[in-house]
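Working notes, beginning with the structure itself.
The values are calculated or read from the model by the stated rules, or taken from the named source; none is laboratory data. Only a predicted model underlies this, so the values are computations on that prediction, with no experimental measurement involved. No Cβ is skipped: glycine too gets one built from the backbone with ideal geometry, and neighbour counts run over all protein chains shown.
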Amino acid sequence: MARLPLEGVRIVDLTVVWVGPYCTMLLADWGAEVIRVETRQVFQPSTRGYVPYPSKELMRSQRTWSLALPNWEPGRRPWNRTPLFNSHGRNKLSFTVDLRRPEGQEVFHRLVAISDVLIENNAPDTMEKLGVTYENLRRYNPTLIVVRMPAYGLSGPYATYRAFGSQLESVVGHTSLRGYPDTDPSLRGDVFTADAVGGILAALATLSALRHRRRTGQGQQIEFPQAEAFLPFLTPAFLDYLLNGRVQGSLGNRHPSAVRGCYPCLGTDRWLVVSIYTDEQFQALCRVMGRPDLSHDPRFADSLSRRKNQDALDKEITRWTRTQEAYQAFRRLQDAGVPAGVVANEADVFSDPHLGVRCYFEPLTQEDTGTHYYPGLLWKARNTPNRLRLPPVRLGEHNRWVYQDLLGYDQEEYKALEALGHIGEDYPPDLR
Amino acid sequence: MRQALEGVRVLDLTHYIAGPFGTRLLADLGADVLKVERPPAGDPARRLGPFFQDTPHPERSLLFFFLNLNKRSITLNLKSATGRSLVRPLVEWADMVVENFSPGTLARLGLDYETLASWNPRLVLISLSNFGQWGPYRDYQLDDLIAYGMGGPMLMTGVADREPSTIALYLPLYHAGALAALAGLVGLTQAELTGRGDWLDVSIFESQVGSQDWRTVALVGYQYTGETFTRRAPATTIASGIKPCKDGYIGFAGFGPRFLRVVEMLGRPDLLKDPRWATVEARANPEHADAFDTEVFLPWLMQRTMREIWEVAQANGVISGPVFTVKEVVEDPVFRARGVWAEIEHPETGKVALPGRPFLMGATPWALRRPAPLLGQHNEEVFCGMLGLSKQDLVRLRQMGVV
């Protein structure tokens with residue numbers, strides 16, 4: 001394989017849950033050496049599962065995506081088998097150390113001293129207790145780039161407020177702008193868009209800081225408050241309020257200048273999304289539906305009247321979609337020039353012919369999990385052939401390499417740290 | 001202070017939403033982004049709302065304004081031979097070219113990657129498109145709704161007895177634009193280190209399929225179990241999701257071991273003695289979750305305001321967040337004091353406040369340096385100043401419809 005662009009960049013990864021790990025995954029995918037710092041003594045309840053030892057009963061009764069371990073079996077090491085983690089765990093390394101103890105701190109500082117970047121997304125007070133601040137860490141590495149991704153900021157009254165993506169999205173306005181317009185927010189469900197876009201933006205910030213360091217030798221801290229980083233994604237709604245005084249609500253699946261919606265198809269929970277922006281698209285839709293009468297209907301004569309009469313038009317579209325198999329309808333509409341798509345479930349996505357031709361999914365084999373296909377690289381580079389290199393990393397999988405090869409601990413010291421519980425590949429059986 | 005991407009030159013051939021969002025991110029960090037618009041109408045986003053005072057006008061689109069801050073604009077008809085000859089020195093000038101034409105368009109214009117690379121081997125070409133540069137869906141159309149439906153977790157978004165529901169307008173497009181900007185920086189890193197550029201194929205569809213919201217988690221879960229996942233009834237996960245309270249709504253994530261903090265917050269540790277809520281397994285039963293809501297949680301919430309609940313939740317380490325409207329966010333004193341709002345002069349409206357820095361870089365700050373450009377505002381500066389054309393040349397080009 002060719003040299004990858006980020007080869008030679010070493011990242012200390014203290015990230016948890018999704019947004020931070022997604023950031024480091026994006027960097028690892030393109031060659032950064034990402035070393036996860038994990039602790040056997042504390043179980044962060046949403047990273048490698050909700051609890052270290054989930055029962056089979058829990059998994060089978062729930063059958064939710066978050067507990068979908070292979071064959072609904074916990075296995076000997078459930079934390080290496082959870083999709084919560086394995087969806088972003090590829091291409092990384094992992095070692096264990098207890099940062100709360102002095103000898104753990106020493107290990108950590110040795111690693112910091114020979115790294116380029118540290119990335120974390122924990123509650124700020126948790127990190128400060130462990131000495132993970134820019135002021136402290138730069139003593140061990142003056143050119144280090146420290147990326148801290150708290151929910152609301154490292155300072156200010158909200159600094160210690162806890163949030164996942166969904167909650168902080170509510171706080172910056174997203175929930176008020178999405179979901180069913182005819183129901184109250186409690187019937188909108190959660191979304192976690194801020195996790196995905198936050199990971200991307202933080203990786204972007206990290207690469208910018210690395211560029212600056214290549215040119216000047218200067219490191220820096222990047223404070224990445226997840227809520228504040230998401231807020232600009234809603235800018236048009238804020239401008240509409242600040243300049244026009246309008247408090248936008250949710251459009252649901254609709255659009256201010258198009259007719260669009262989500263329509264039921266043949267089968268259970270099968271749906272088609274269709275977007276009509278132009279007269280040509282509307283004419284094409286009528287042709288595909290076999291409804292030339294609608295294309296002459298004065299209620300739908302132009303974009304404005306179609307939007308005014310969208311409820312009536314939706315009924316007509318639904319009458320047709322109910323008789324259609326979703327994928328066939330999608331292909332027929334697109335081939336006729338109508339923007340449309342299937343609301344895909346996981347099986348659809350894995351059997352999608354377009355993703356198949358593009359070899360989007362890649363197989364990875366991991367000791368505790370077996371061989372499975374995983375979502376692949378986020379873009380393709382013509383001159384830089386690349387693929388997923390390492391399977392979702394197991395807890396402490398690279399202990400020996402990190403301690404001995406990288407940090408220079410000898411066999412005796414390694415044994416001593418192992419005896420103290422820093423080093424291991426399991427969580428203690430009584431850990432909750 | 002210097003900016004992190006100072007000296008990075010971006011020739012921006014993007015239009016509409018996703019591409020301009022991506023190049024805006026680069027411009028905010030200091031890149032010199034030169035936006036090329038098609039004469040005479042320019043970027044179609046100039047015709048998209050919302051508009052200032054609801055008056056449609058090419059210089060009053062607030063969407064365009066947001067997407068194109070910090071950029072310069074020239075007009076250039078790439079379909080004309082003269083236009084093509086003028087683009088070559090700009091490609092030689094650039095570190096990156098970003099484009100989001102329909103796949104194949106660039107080649108038809110004689111501007112395929114091979115040609116561009118022969119002019120400038122260090123060039124990173126970022127092609128952002130609906131479904132990617134090749135494959136059976138290559139020429140299919142897509143918007144934010146279709147992207148979220150086909151690629152993203154739309155089937156899981158909403159509640160069980162309703163249709164799937166999308167997220168706020170254009171978010172999946174911004175999402176893909178951000179990914180294109182990241183891809184561009186990865187490519188730039190390679191080019192700066194090796195002298196060799198690259199052609200990057202970024203697909204809006206794939207940006208959703210690989211999105212760490214819960215899309216990838218559910219995909220991996222399907223691989224592991226063969227199960228597909230969909231919308232659930234509300235209140236099936238204990239102490240989680242969005243709940244009503246005295247003056248609005250507030251979201252929680254109180255499942256699993258986090259429930260211990262929830263009962264602390266309620267001052268009701270005794271609830272853990274109830275067999276329905278005593279263990280992680282018992283609490284995972286949707287009926288028990290629902291019972292907790294009706295018997296305990298909702299009565300407590302309905303007596304308190306969003307702010308009161310948020311405060312006491314935080315004091316107990318409970319994950320929560322009120323559902324604020326855009327107005328409430330703008331009025332929030334904490335966000336204001338932290339400086340999330342920036343100000344810039346708008347040519348039509350005067351001073352405008354809008355969301356500013358997404359993050360704080362200690363040494364190389366994010367900055368708003370200039371408002372979104374008027375159509376062709378920098379023609380003279382670029383064609384005469386950079387490319388050495390005379391003012392008469394420019395007049396002639398304008399008459400020919402090239403600029």
- Considering the range A:315-336, residues that are within 33 Å of the chain's Cα centre (by Cα), closer than 11 Å to A:VAL274 by Cα and not hydroxyl-bearing (Ser, Thr, Tyr), and then whichever is surrounded by the fewest Cβ atoms within 10 Å (Cβ to Cβ), we arrive at A:GLN334
- Query: Does A:SER176 count as at the interface with another protein chain (Cβ under 7 Å from one of its Cβ atoms), within 18 Å of the chain's Cα centre (by Cα) and either over 27 Å from A:LEU207 (Cα atoms) or buried (at least 17 other Cβ atoms within 10 Å of the Cβ) (or both)?
  - Reply: no
- Please indicate, with yes or no, whether at least one residue in the range A:107-125 is within 12 Å of chain B (Cβ to nearest Cβ) and either of a type in the set (Ser, Thr, Tyr) or out of contact with any strand residue (DSSP E or B) (no Cβ under 8 Å at 6 or more places or on another chain) (or both). yes
- Message: For the range B:94-151, give me each residue that is acidic (Asp, Glu) and either at the interface with chain A (Cβ under 8 Å from one of its Cβ atoms) or closer than 22 Å to B:GLU37 by Cα (or both).
- Response: B:ASP95, B:GLU99, B:ASP112, B:ASP143
- Message: Need the failing condition index for A:LEU207 against (1) under 21 Å from B:VAL340 (Cα atoms); (2) facing another protein chain (nearest Cβ under 7 Å); (3) crowded, with 24+ Cβ neighbours inside 10 Å, just the number.
- Response: (1)
- May I ask you to list the residues in the range B:327-340 that are surrounded by fewer than 17 Cβ atoms within 10 Å (Cβ to Cβ) and of a type in the set (A, V, I, L, M, F, W, C)? B:VAL334, B:ALA337
- Item | When residues of the range A:269-289 are limited to those that are of a type in the set (Val, Ile, Thr) and not in a strand (DSSP E or B), the one nearest to A:PRO256 (Cα to Cα) | A:THR278
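Okay, residues lined up against (1) within 30 Å of A:GLN220 (Cβ to Cβ); (2) within 32 Å of the chain's Cα centre (by Cα):
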| position | (1), (2) |
| --- | --- |
| B:MET361 | yes, yes |
| B:PRO365 | yes, yes |
| B:PRO371 | yes, yes |
| B:LEU375 | no, yes |
| B:GLU380 | no, yes |
| B:PHE383 | no, yes |
| B:ASP393 | no, no |
| B:ARG398 | no, no |
- Message: For the structure I just gave you, tell me whether B:ALA289 is within 9 Å of chain A (Cβ to nearest Cβ), surrounded by 16 or more Cβ atoms within 10 Å (Cβ to Cβ) and within 26 Å of A:VAL191 (Cβ to Cβ).
- Response: no
- Pick from the range A:130-140, criterion without any contact (Cβ under 8 Å) to a residue 12 or more places away in the chain and in a helix (DSSP H, G or I), ranking: farthest from A:ARG101 (Cα to Cα): A:GLU135
- Please enumerate the residues belonging to the range B:204-238 that are out of contact with any Leu (no Cβ under 8 Å at 6 or more places or on another chain), more than 7 Å from chain A (Cβ to nearest Cβ) and touching a residue at least 24 places away in the same chain (Cβ under 8 Å). B:GLN208, B:ARG215, B:ARG232, B:ALA233, B:ALA235, B:THR236, B:THR237, B:ILE238
- Message: For the list (1) within 28 Å of the chain's Cα centre (by Cα); (2) outside the structural domain of A:THR206 (by TED's automatic domain parsing), I need the number of the one condition that A:VAL288 fails.
- Response: (1)
- Checked A:LEU272, A:LEU239, A:LEU234 against criteria (crowded, with 24+ Cβ neighbours inside 10 Å and touching a His at 6+ places or on another chain (Cβ under 7 Å)); the one match is A:LEU234
- Task: Taking the options A:GLN44, A:GLN62, A:GLN105, name whichever one is surrounded by fewer than 20 Cβ atoms within 10 Å (Cβ to Cβ) and under 23 Å from A:ALA196 (Cβ atoms).
- Result: A:GLN44
- Message: So for the range B:90-104 (the condition being free of Cβ contacts under 8 Å to residues at least 24 places away in the same chain and buried (at least 19 other Cβ atoms within 10 Å of the Cβ)), does at least one residue qualify?
- Response: no
- If you go through the range B:153-160 one residue at a time, do you hit one that is surrounded by fewer than 24 Cβ atoms within 10 Å (Cβ to Cβ), part of a loop (DSSP other than H, G, I, E, B) and assigned by TED's automatic domain parsing to the domain that holds B:ASN379? yes
- Task: Starting from the range A:241-252, keep only residues that are facing chain B (nearest Cβ under 7 Å) and under 15 Å from B:GLU328 (Cβ atoms), then list their pairs with residues that are among the small types (Gly, Ala, Ser) and surrounded by 17 or more Cβ atoms within 10 Å (Cβ to Cβ) whose Cβ atoms are within a distance under 7 Å, requiring at least 6 positions of separation or different chains.
- Result: A:GLN248/A:ALA237
